[in-house]
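*Asks:* Take this structure first; my questions come after.
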Amino acid sequence: MSPPPLASREQARQRRFDTVWRRQLDKVFADVAPYYDRANLVASLGLWNWILGRFMATIDLRSGQRVLDVCAGTNAVGIALLQREPSLELLAIDRSVAMQEVGRDRAEARGFHIQSLIGDVHELPFPDNHFDVVTLQWASRHLRIRRVFEEVFRVLKPGGCFHHCDMLRPRNRVVEKLYHGYLRFCLSFTAVLFGSGPTALSARTYFINALEMFYSADELSDVLRAQGFRSVAARTLFAGTLGFHRAAKPG
């Protein structure tokens with residue numbers, strides 16, 4: 001299935017997935033929160049921490065910076081950032097109470113405090129020009145991403161950097177077909193392995209459909225530029241199925 005043209009992609013995504021985004025995802029992530037990190041480790045064939053390390057390598061940090069982790073989930077990125085630079089003022093925002101409860105426990109077990117907010121990332125509750133660094137990972141497929149990028153741009157300080165990581169739509173159709181086949185297997189396998197509830201089970205088809213209508217690495221770079229970001233750089237792994245983006249707010 002070919003996604004709609006770039007100019008109309010966001011409207012098409014919202015029309016197709018709005019009900020899932022508004023009514024189902026909170027229940028899905030409440031279901032998977034207790035085993036989310038273990039499931040990712042299994043689905044990535046043990047490469048989850050290596051992928052996280054590769055993403056961390058794209059982020060430059062300085063002592064005392066104010067950092068916002070958007071769609072923070074179980075705080076994997078926030079913890080990794082604080083392990084590198086404990087002096088950071090780190091805030092996390094996510095819509096899922098269950099995921100952030102797991103994230104709080106994971107951070108506290110490592111001796112870190114991450115200030116957590118539960119809220120809608122399409123309307124970030126922060127003033128303009130407030131953060132030195134913003135991160136967003138593993139969630140863009142479930143968002144009105146142009147709106148979220150607009151909000152990230154707003155809260156970044158001039159000269160600040162935005163770092164993004166997510167699964168992407170590979171440009172090669174053969175790779176895409178193989179990739180989606182593997183994901184279907186993984187979603188079913190991890191559901192059995194970890195005893196997923198009915199809500200998570202019912203969302204398996206959605207996860208594949210959301211990727212089919214998402215962006216390639218180059219397309220996502222274009223979306224970032226359209227929101228005003230400059231010095232946009234992308235790096236892909238695994239034939240374009242996963243990508244890291246770095247973008248700056250003009251200073």
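*Asks:* Which value at 222 nm does the chain reach when only helices count, each DSSP H run of 4 or more adding -39,500 (n - 2.57), with the total divided by all residues and rounded to the nearest 500 deg cm²/dmol?
*Replies:* Estimated from H runs of four or more residues: -14500 deg cm²/dmol.
*Asks:* Right, next: Kindly put Leu136, Leu47 in sequence by how many other C-beta atoms sit within 10 Å of each C-beta, fewest to most.
*Replies:* Leu47, Leu136
*Asks:* Could you work out the relative contact order of the range 6-248? I mean the mean sequence separation of Cα pairs under 8 Å and 6+ apart, divided by the number of residues, in percent.
*Replies:* So the answer I get is 21 percent.
*Asks:* Report the dimensions of the range 115-167 along its three principal axes from the alpha-carbon atoms, largest first, rounded to Å.
*Replies:* 27, 22, 22
*Asks:* Here's another thing I want to ask about it. Leaving out same-chain residues fewer than 8 places away, which lysines sit with a Cα under 25 Å from that of Lys27?
*Replies:* Result set, ordered by chain and number: empty.
*Asks:* Subtract the Cα-Cα distance of Glu85 and Arg15 from 0.36 nm times their separation in residues, and report this length gain in nm to one decimal.
*Replies:* Taking Glu85 through Arg15 to full extension adds about 21.1 nm, to one decimal.
*Asks:* How much net charge surrounds Phe229 when only the other residues with a Cβ under 11 Å from the Cβ of Phe229 are counted, with Lys and Arg +1 and Asp and Glu -1?
*Replies:* Result for the local shell: +2.
*Asks:* Under a point spin-label approximation (7 Å from Cα along Cα-to-Cβ), what is the Arg154-Thr199 distance to one decimal in nm?
*Replies:* 2.8 nm
*Asks:* Filter the trypsin sites (Lys or Arg not before Pro) in the range 14-98 to those in DSSP coil with at most 11 other Cβ atoms within 10 Å of their Cβ, and list the result.
*Replies:* Arg62
*Asks:* To make sure I understand the rule: partners must be lysines, Cα under 26 Å from the Cα of Lys249, and not fewer than 8 residues away in the same chain. Which ones qualify?
*Replies:* Leaving aside lysines fewer than 8 places away in the same chain, those within reach of Lys249 are Lys157.
*Asks:* Taking R0 as 41 Å, what FRET efficiency do you get between Ala109 and Arg230 from their Cβ-Cβ distance, rounded to the nearest 0.05?
*Replies:* About 0.60, to the nearest 0.05.
*Asks:* What net charge is computed for the residues neighbouring Ser8, neighbours being all others with C-beta under 13 Å from the C-beta of Ser8, Lys and Arg scored +1, Asp and Glu -1?
*Replies:* Residues near Ser8 contribute +3 overall.
Quick note: the coordinates plus some simple rules give every number you see, no bench work behind them. What you see is a predicted model; the values in this text were computed from it and never measured. Using ideal geometry, Cβ is built from the backbone for each residue, glycine included, and neighbour counts are taken over all protein chains shown.
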